[in-house]
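Only one structure is covered here, and it is reproduced in the block below.
The values are calculated or read from the model by the stated rules, or taken from the named source; none is laboratory data. As the structure is a computational prediction, the values presented were derived from the model and not from experiment. FYI the Cβ positions are ideal-geometry reconstructions off the backbone, even for glycines, and counts take in every protein chain you see. Ligands, DNA and RNA are excluded from the accessible area calculation, which covers all protein heavy atoms including side chains. Shrake-Rupley method; radii C 1.70, N 1.55, O 1.52, S 1.80 Å.
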2 protein chains.
Amino acid sequence: MSLPEELARITGPGFVLTADEPVEPYTHDETQGLAARPDVVVRPGSTEEVSGVLRLAFERGLPVTPRGAGTGKCGACVPVAGGIVLSLDRLNRILEIDRENAFAVVEPGVVTETLQEAAAEAGLFYAPDPASKGSCHVGGNIQTNAGGMRAVKYGTTADHVYGLTFVLPDGTVIEAGGKNRKDSSGYGLVRTIVGSEGTLAVVTRAVLRLLPLPAARGILLAPFPELDMAAEGVQAVFGTGITPSALEIMDRSAVGYAARYAEKEFPFAEAAAQLLVEVDGDGPEEVEGDLMRIGEALLEIGALDVFLASERRRQEDLWRIRRVIAEGLKAFTTYRSVDSVVPRSRLIELVRKVREIAAAHDLDCCCFGHAGDGNLHVNYVRTAAQDTVERWEADVRSAHEATVRVAVALGGSISGEHGIGVTERPFFGIRHTEAAIGLMRRIKAAFDPRGILNPGKVLP
Amino acid sequence: MSLPEELARITGPGFVLTADEPVEPYTHDETQGLAARPDVVVRPGSTEEVSGVLRLAFERGLPVTPRGAGTGKCGACVPVAGGIVLSLDRLNRILEIDRENAFAVVEPGVVTETLQEAAAEAGLFYAPDPASKGSCHVGGNIQTNAGGMRAVKYGTTADHVYGLTFVLPDGTVIEAGGKNRKDSSGYGLVRTIVGSEGTLAVVTRAVLRLLPLPAARGILLAPFPELDMAAEGVQAVFGTGITPSALEIMDRSAVGYAARYAEKEFPFAEAAAQLLVEVDGDGPEEVEGDLMRIGEALLEIGALDVFLASERRRQEDLWRIRRVIAEGLKAFTTYRSVDSVVPRSRLIELVRKVREIAAAHDLDCCCFGHAGDGNLHVNYVRTAAQDTVERWEADVRSAHEATVRVAVALGGSISGEHGIGVTERPFFGIRHTEAAIGLMRRIKAAFDPRGILNPGKVLP
């Protein structure tokens, strides 16, 4: 019996794909210029079927690449080693919104925004809010420890995952954690798996903490004459003692790509950079008061203007611009995204350095990101100077590495929220010592002794 | 050369103890009736010295039991296997309060309250607040993932640890994490070590997140005619949509032991149970408004009264009673503490069941704890019925196991915040499957292949 036939015995024949056309969507994520073809795609419909697929692969020593929505930006779900793509898209049910305990129980294929909406209907709040919330999956958020817009106040996905059902590469199913707000009963398996990019286990169910839904929300937009002045604004915001629910930075080119993609006008489109600040709270007066104080602090350090949006629809318009920057970049440029993160006080230095790196490599540079977290998405854009593909690849590779080195030298790290996947793997040793990498390898072996799960990812 | 002499070459001779009297404090923690003598106690003064001690122990295959302040309640720092006690009490410096990034960098031997005070002086807030904050160490908090009073709003210690310097059993020093608010760059070593009770690595430095210091704080005390009615009050509090910064439950006997120990009168001492609710926020009006709403909700479900304390000194008096319950129990009774945790909606059932278990075993029962987290410290107290030590040990062992089984059946766990250590180890298999335990063993081996670090703890 062939491998597809054996897989079909586990999932039923309609959920095993081998022909070129249906397999194509499973060959890539959002990383430009990266794709790889698996031998077969399987779409199991239950934890038991996931277990069956993994057991089979384990016995044969076949590579398995788990996959969510494919919205990642470092190739973590691209099947670079061939073998089996294990798609979790059919595990897409919200199993429970538990109001009494304020937890959601979901399968990994639930779209993040769908979960947010279901929680809001129950008067609750699922805080993690990646830019791709309309298409990304909760399972992918867990495996990359996704941050997003609201991490500055509510933390990253890791802070919201309290329980996981997961399958080890040999097919063993384990339940860890649950609906307990605290649990000091053995090793934190849940916390070890979050952010492991599908290299340790396949998650088939998650228990996610919900919070009370904030009653009010408001946005402020502040343009600046210089990018590094906007970066300074981050410290000014925190200086007020208010923790915003979002604190985003966008340079002129980011706003430009977004506006062009969305076919919309955007306020202050000519400003060198803008800060988008969101505040949430118990009522409109509190939120407005907070925004006023933040606005004053920003004007004081040189903001050209301050624009307040209290109307919900206007807020959504502004957020939409922020959310489509990456789509604009993808549509209109050849680029590479570097997901730098530094302690937030070092953001100004990072911003200056990446401009220097871009100039030194004859690249354009488009910066935006979660300034309140010190997390800057640095996008190097191909220019006329890169007249051949080879030149482009050499220049951007060099700029990428220089950026990682700068971030690490500033006390930062390789990736704030996108992960390592394939594209950041060459730089792993810049951030981590041999001893740390050795320990990670032993942890990998503790979960995946045969090394079948997502090979070629994360660890060098 | 003898082992003490070799250790003295690493730390200097004044920091190696072998004689009975100086060693005695290192033989026990706060667990009644549990003590074990090490061969030698060593008190290194730096990461390098910790590394030297571990390297020596690793080469010889000697057991090493790391130790903080010894305020634990499950024997995690008791050297049951003999060998070396590695005390971290000399690593007691606050290295930095970084205002710009809102992080503290500390050594593990810093007393938790000392850190809270240093943060507050800088206008910042270290949120974790264990009952023993005046004597426990930050390092111990990290290793047990301590919860405490404010976990209901701010999470457990794990939610505040962003970076660790740690030493592996073979002496290897690793730095993981740092001052980045987010970091998706490889496995979460920090998150794996938190809560591992000194069985994976010895922490010598920690980077801890600080928050803005809440401007105002208020307390409400509500007596109830029945314990399970107080437990119901937990849902009533969350029903208001307000997340309190503490939500504690105390039964009559708990209040009684505390009052006797503190030699103070306590309001509503005759009530069957009380809820202590703390709210923090941006200003006194907001806090008072929240407390009023919570008070009304509690009166509605049957609270006998509601007492508001807005004055700081009065608040501290009330907190002191809550904090000395455990000391009162220790001073006046023979007892065993079971650190049950359940999803908070199941607290009422847990409370009822433990009363039944106590009655069935002729034990008294003293309950208090972090009701908002579903975390109930159930204390079984010896009565005249246990006329021999053997009878006491048999009865309390049986009641303990029954309690763990009830908690797990309610979707709960063995320990909410005290950990497993020695005393909860026999019950590990009630909570975790063989497969999960096997995975934890492999993680243990990834860190500690020779099994020298804190043997006899956590894993069965």
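With unit charges on the beta carbons (Lys and Arg positive, Asp and Glu negative) and the dipole taken about the Cα centre of chain B, which residue among B:398, B:139, B:440 sits farthest to the positive side?
Sorting the options by dipole projection puts first B:440.
Would you be so kind as to identify which of B:409, B:225, B:307 lies farthest towards the positive end of the dipole of chain B, taking Lys and Arg as +1 and Asp and Glu as -1 on Cβ and the Cα centre as origin?
Ranked along the dipole, the leading option is B:409.
So for the stretch B:1-86: antiparallel DSSP bridges make up what percent, rounded to the nearest 5?
25 percent
Determine the relative contact order of chain B: mean sequence separation of Cα pairs under 8 Å and six or more apart, normalised by residue count, in whole percent.
Here the relative contact order equals 16 percent.
So how much accessible area does residue A:182 have, in Å² to the nearest 10, using a 1.4 Å probe?
For residue A:182, the solvent-accessible surface is approximately 10 Å².
Where does each of B:18, B:71 land when they are ordered by accessible area, with a 1.4 Å probe and the largest first?
Order by accessible area, largest first: B:18, B:71.
Is the C-alpha gyration tensor of the stretch A:216-326 telling us rounded, prolate or oblate? Criteria: a/c under 1.5 is rounded; beyond that, a/b larger than b/c is prolate, otherwise oblate.
Judged from the Cα gyration tensor, the stretch A:216-326 comes out oblate (a/c at least 1.5, b/c at or above a/b).
So how tilted is helix A:227-239 from the main axis of chain A? Cα-based, degrees 0 to 90, rounded to 10.
That works out to roughly 90 degrees.
Suppose each label sits 7 Å from its Cα in the direction of the beta carbon; what would the residue A:364-residue B:360 distance come out to in nanometres?
7.3 nm
Could you give, in nm with one decimal, how far residue A:94 is from each other copy of that position, shortest first, with labels 7 Å out from Cα toward Cβ?
Distances to the matching label points in the other copies: 4.4 nm.
What are the residues of the stretch B:360-383 that lose 40 Å² or more of accessible area, with a 1.4 Å probe, going from their chain alone to all protein chains?
Buried by the other chains: B:373.
Expected output is a single nm value to one decimal: the length gained when fully extending between residue B:24 and residue B:388, i.e. 0.36 nm times separation in residues minus the C-alpha distance. What is it?
The span from residue B:24 to residue B:388 would gain 128.3 nm if fully extended.
Report, for residue B:450, each distance to the same residue's label point in the other copies, shortest first and in nm; define the point 7 Å along Cα→Cβ.
Values, ascending and in nm: 3.3.
In whole Hz, what ³J(HN,Hα) sequence does the stretch A:201-207 give by Karplus (6.51, -1.76, 1.60; θ = phi - 60°), x for Gly and Pro?
Each residue of the stretch A:201-207 in turn: 6, 9, 7, 10, 7, 9, 9 Hz.
Taking the Cα centre of the stretch B:250-407 as origin and charging only Cβ (+1 Lys, Arg; -1 Asp, Glu), how large is the dipole, in debye to the nearest 20?
620 debye
Among B:112, B:172, B:162, whose Cα sits farthest toward the positive end of the charge dipole of the stretch B:80-193 (+1 at Cβ of Lys/Arg, -1 at Cβ of Asp/Glu, about the Cα centre)?
The residue sitting most towards the positive pole is B:162.
For residue B:65, what residues show an amide H to amide H distance below 5 Å, using hydrogens built from the backbone and excluding near sequence neighbours?
Answer set, sorted by chain and number: B:84, B:85, B:86, B:454.
So how tilted is helix B:434-447 from the main axis of chain B? Cα-based, degrees 0 to 90, rounded to 10.
50 degrees
How high is the relative contact order of the stretch B:317-435, in percent, counting Cα pairs under 8 Å that sit 6 or more residues apart?
30 percent
Show the residues, 5+ positions off or on another chain, whose built amide H is closer than 5 Å to the amide H of residue A:338.
A:378, A:379, A:380
Can you tell me the dipole magnitude for chain A around its Cα centre, using point charges on the Cβ only (Lys, Arg +1; Asp, Glu -1), in Debye to the nearest 20?
The calculated dipole for chain A is roughly 1140 debye.
Work out from phi, with θ = phi - 60° and the Karplus expression 6.51 cos²θ - 1.76 cosθ + 1.60, the ³J(HN,Hα) of each residue of the stretch A:375-390, listed in order in whole Hz, and give x for Gly and Pro.
10, 10, 7, 9, 10, 8, 10, 5, 10, 4, 4, 8, 7, 10, 4, 4
Longest exposed-loop-site-free stretch of chain B, with GluC sites (Glu not before Pro), DSSP loop and at most 14 other Cβ within 10 Å?
B:312-460
At a probe radius of 1.4 Å, what is the per-residue accessible area of residue B:330, in Å² to the nearest 10?
Around 90 Å² of this residue is reachable by solvent.
Would you kindly work out, in nm and rounded to one decimal, the distances from the label point of residue B:123 to those of the same position in each other copy, ordered shortest first, with label points 7 Å along Cα-to-Cβ?
Its label point is 3.6 nm from the equivalent points in the other copies.
In peptide B:189-198, what is the residue-averaged number of other protein chain Cβ atoms found within 10 Å of each Cβ?
Rounded to a whole number, the mean comes out at 5.
At 222 nm, what value in deg cm²/dmol follows for the protein assembly as shown if DSSP H runs of at least 4 each add -39500 (n - 2.57) and the sum is divided by all its residues, to the nearest 500?
Helix contribution divided over all residues of the protein assembly as shown: -11000 deg cm²/dmol.
State the antiparallel share, in %, of DSSP beta bridges confined to the stretch B:94-212, rounding to the nearest 5.
95 percent
Past 30 Å, Cα to Cα: identify those pairs from A:353/B:182; A:457/B:457; A:330/B:153; A:444/B:133; B:73/B:153; B:73/B:353, in the order given.
The pairs that break the limit, which is 30 Å between Cα atoms, are A:457/B:457; A:330/B:153; A:444/B:133.
Based on DSSP, what percent of beta bridges with both residues in the protein assembly as shown are antiparallel, to the nearest 5?
85 percent
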